[in-house]
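For reference, the structure discussed in these notes is given below.
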Amino acid sequence: MDYKNAGVDIEAGYKSVELMKESVKRTMREEVLGGLGGFSGAFSLAKIKNMEEPVLLSGTDGCGTKVKLAFIMDKHDTIGIDAVAMCVNDIACAGGEPLFFLDYIACGKNYPEKIASIVSGVAEGCVQSDCALIGGETAEHPGLMPENDYDLAGFAVGVADKKDMITGEHIKAGDTLIGIASTGVHSNGFSLVRKVFKMDKETLNTYHEELGKTLGEALLAPTRIYVKALRSVKEAGVTIKGCSHITGGGFYENIPRMLQDGVKAVVKKDSYEVPAIFRMLAREGQIEEQMMYNTFNMGIGMVLAVDPADVEKTLAALEKTGDKAYVIGEIADGEKGVELC
């Protein structure tokens, strides 16, 4: 008896690391010390000495049950973007710059090519956010997970000068709400999605005219990363007063997280066109509107609160990064919360 016969293939682990090295190299920043394969990832903090009061920010998350679609479609090269996005978007939302990321893959069996494909997506997410992939772990769990299944999670660490953090404390009535478009469902609400649509290859590979693609392609579209978008707004000289990353809990849970007591967010539903995938979900699942806005991002992945005088500069800055943005409402006096009208 040996470890391989017990279900853990150490040689497969070595091969996975070799296959992913080229992807990881794409993410390197000059602050990274050492190479892939050490017991810990090392990252120099020399640059933060120029900050008045540096604050470390962190975020950890996974892709939820969206990974089930990757299993069914046997497409594993974008799910890693989702894992990175869920972490770095939270850091950017607080006004921070993501510095480095580490991933954790738990699998029933280590298939090196599949693991390398997953990590290639993680690396792409890091490239999109200028974040270094400095380490990770792939753990085989024979007997705990089916051989073809895996779960993917990770965490990111970032930094911000305290004076540049986005806290929401200066939001006031009359401020404008700007919504930045999502790329689809992103990585939240898939437990409901999987109840609405039959999860098999035939269903997911069916082309839908209203989507302009197959259902699977629409659902598996990777989460938009907003790091460069928010950096562009800052570089345009705009002070972002508040920022909400629209994840699980949709509008109703996430937008109030940037508000102080005494003000509410008034969102105009007709200020932008809700993407077809959400209209399809609501129709096929007979999901009430309130539940849709309380579960999904409804086409808006990030909401910013800015001074009305900064609206045009903000929209122009977002256009530079290829992001679609809309004026979706305003801040008003009232009980903290969200009002959709």
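The values are calculated or read from the model by the stated rules, or taken from the named source; none is laboratory data. Quick caveat: nothing in here was measured; it's all calculated off a predicted structure. Cβ sites come from the backbone with ideal geometry, for glycine too, and all protein chains shown count toward neighbours. What goes into the accessible areas is simple: the full protein's heavy atoms, side chains included, and nothing from ligands, DNA or RNA. Shrake-Rupley method; radii C 1.70, N 1.55, O 1.52, S 1.80 Å.
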Inset, instruction - Working from Cα positions, state the angle (0 to 90°, nearest 10) between the long axis of helix 79-93 and the longest principal axis of the chain. - result: 40 degrees
Legend entry - In sequence order, calculated HN-Hα J values of the stretch 219-232 (Karplus, 6.51, -1.76, 1.60; Hz; x Gly/Pro): 6, 8, 3, x, 4, 5, 9, 9, 4, 5, 5, 5, 5, 4
Legend entry - In Å², nearest 10: area of Leu19 left accessible to a 1.4 Å probe: 80 Å²
Legend entry - Area of His170 that stays accessible when all protein chains are in place (1.4 Å probe, Å², to 10): 130 Å²
Inset, instruction - Using a 1.4 angstrom probe on heavy atoms only, work out the carbon and sulfur share of the accessible area of the chain in %. - result: 49 percent
Legend entry - Between 0 and 90°, nearest 10: helix 276-285 axis offset from the chain longest Cα axis: 80 degrees
Legend entry - Accessible-area value, Met28, 1.4 Å probe, nucleic acids and ligands omitted, Å²: 90 Å²
Legend entry - Rounded tilt (10° steps) of 112-128 against the dominant C-alpha axis of the chain: 30 degrees
Legend entry - Long pairs among Lys21/Lys66; Lys172/Lys234; Lys21/Lys201, criterion Cα-Cα beyond 21 Å: Lys21/Lys66; Lys21/Lys201
Legend entry - Part-to-part distance (alpha-carbon centres) for the stretch 213-262 and the stretch 307-341, which is given in Å: 11 Å
Inset, instruction - Could you name the lysines whose alpha carbon sits less than 17 Å from that of Lys228, not counting residues in the same chain fewer than 8 places away? - result: Lys313, Lys320, Lys324
Legend entry - Ellipsoid semi-axes in whole angstrom, largest first, where each is sqrt(5λ) of the Cα gyration tensor of the stretch 192-341: 30, 19, 12
Inset, instruction - Compute the accessible area per residue over the chain, keeping the other protein chains in place, probe 1.4 Å, unit Å². - result: 47 Å²
Inset, instruction - Could you quote the convex hull projected area for the chain, Cα atoms only and averaged over all directions, in nm²? - result: 18.3 nm²
Legend entry - the chain: calculated mean residue ellipticity at 222 nm from DSSP helix runs of at least 4, using -39500 (n - 2.57): -9500 deg cm²/dmol
Legend entry - Length released on extending from Asn50 to Glu202, taking residue separation times 0.36 nm less the Cα-Cα span: 49.2 nm
Inset, instruction - Summarise the long-distance tail of P(r) for the stretch 38-194 by giving the % of C-alpha pairs beyond 24 Å. - result: 41 percent
Inset, instruction - Calculate one ³J(HN,Hα) per residue across the stretch 252-258 by plugging θ = phi - 60° into the Karplus curve 6.51 cos²θ - 1.76 cosθ + 1.60, and present them in order as whole Hz with x for glycine and proline. - result: 5, 8, 7, 4, x, 5, 9
Legend entry - ³J(HN,Hα) computed for each position of the stretch 169-175 - Karplus, 6.51 cos²θ - 1.76 cosθ + 1.60, integer Hz, glycine/proline x: 5, 9, 5, 9, 4, x, 5
Legend entry - Charged-residue dipole, Cβ positions (Lys, Arg, Asp, Glu), the stretch 112-219 about Cα centre, Debye nearest 20: 340 debye
Inset, instruction - Provide the FRET efficiency to the nearest 0.05 for the Tyr252-Arg279 pair, computing r from the beta carbons and using R0 = 22 Å. - result: 0.70
